[in-house]
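For reference, the structure is listed below as structure tokens.
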């Protein structure tokens with residue numbers, strides 16, 4: 001049977017290869033470098049676990065990421081277009097990366113060569129595990145039998161509901177990665193102070209400080225609760241997950257801290273734990289920990 005639509009995402013979606021395979025998501029990876037010269041394709045040439053091991057082993061080295069090339073997107077688009085399958089491609093917020101621009105040029109090249117091609121590009125306005133939830137929601141609509149245009153129409157309005165509330169081990173990586181922006185005043189290098197960060201509408205904002213890791217984890221729970229109150233969340237209306245970097249065991253402990261709130265307010269029994277990939281990890285360092293929440297599309 002002819003596939004109705006192909007869901008594509010750049011590598012910022014931070015879903016495991018098992019999940020992307022299960023949901024038939026084509027991923028266009030980012031590149032990562034530890035020496036500013038050799039760039040490796042994430043998940044293809046450099047696994048996420050290896051990336052974090054390297055960071056932990058060499059804490060004075062600050063890796064860099066590079067967006068997918070035009071050709072990377074072109075190759076993926078062309079494969080579906082040749083089979084006359086419409087493509088919905090979801091990319092990291094344009095405020096963080098030029099990935100969407102690479103995809104845009106690739107789309108224009110494809111349309112010149114294949115005038116009947118159907119490709120819609122979507123700026124997710126989010127990133128990392130929250131982008132993963134957004135992409136999975138597009139897959140859910142596809143699997144329900146919605147068509148190409150319908151999926152785009154239903155998926156766009158939920159972007160503004162997306163939030164990430166998280167903490168990091170140190171601000172050094174944000175500073176090195178040039179992502180400090182509105183966070184410039186926080187932490188101020190104070191020993192042991194943990195910055196709290198919110199991502200919404202494509203930008204990161206300071207959400208205060210915590211005096212140690214446990215307090216910062218509790219603050220993420222509080223920030224989540226406050227947002228659920230603000231949006232008057234009802235069970236069944238939202239998708240939710242936990243994102244972590246190097247330390248899976250810590251993510252499991254954090255799940256214990258937040259699971260009752262999520263069950264009561266969102267009706268979710270099994271909270272997914274996804275590993276934050278290198279695209280965002282180069283900016284957060286090895287110890288990001290937080291949550292992603294986004295509304296389900298109305299069908």
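Here are a few things to note about the model shown:
- Computed over the chain, Cα set: Rg, Dmax in Å: 18.8, 60
- If both residues of a DSSP beta bridge must be in the chain, then about 60% of such bridges are antiparallel.
- Computed FRET value (nearest 0.05) for residue 213 with residue 101, which takes r as the C-beta separation and R₀ as 35 Å: 0.40
- Gain in span if fully extended, residue 249 to residue 160, counting 0.36 nm per residue against the direct Cα distance: 28.9 nm
- Potential lengthening of the chain between residue 23 and residue 69 amounts to 14.2 nm, from the contour at 0.36 nm per residue minus the alpha-carbon distance.
- Label-point separation in nm, residue 49 to residue 116, each point 7 Å along Cα→Cβ: 4.6
- Label-point gap, in nm, between residue 153 and residue 94 - each point 7 angstrom along Cα→Cβ: 2.4
- Between helix 248-266 and the chain: long-axis angle, C-alpha atoms, 0 to 90°, nearest 10: 80
- All Cα pairs of the range 194-299, percent lying beyond 25 Å: 17
- Square roots of 5 times each gyration tensor eigenvalue, C-alpha, the range 1-76, largest first, Å: 28, 15, 7
- At full extension, residue 260 and residue 109 could sit 49.4 nm farther apart than now, given 0.36 nm per residue minus the alpha carbon distance.
- Anisotropy class of the range 111-180 from Cα gyration tensor, a/c 1.5 cut: oblate
- Normalising by residue count, the range 248-299 has a Cα convex hull of 105 Å³ per residue.
- Counting only alpha carbon atoms, the long axis of helix 99-113 and the longest principal axis of the chain meet at about 0°.
Just so you know, all these numbers are worked out from the coordinates, no wet-lab data involved. No experiment lies behind these values; they were computed from the predicted model shown. So basically every Cβ, Gly included, is an ideal-geometry build from the backbone, and we count neighbours across all protein chains shown.
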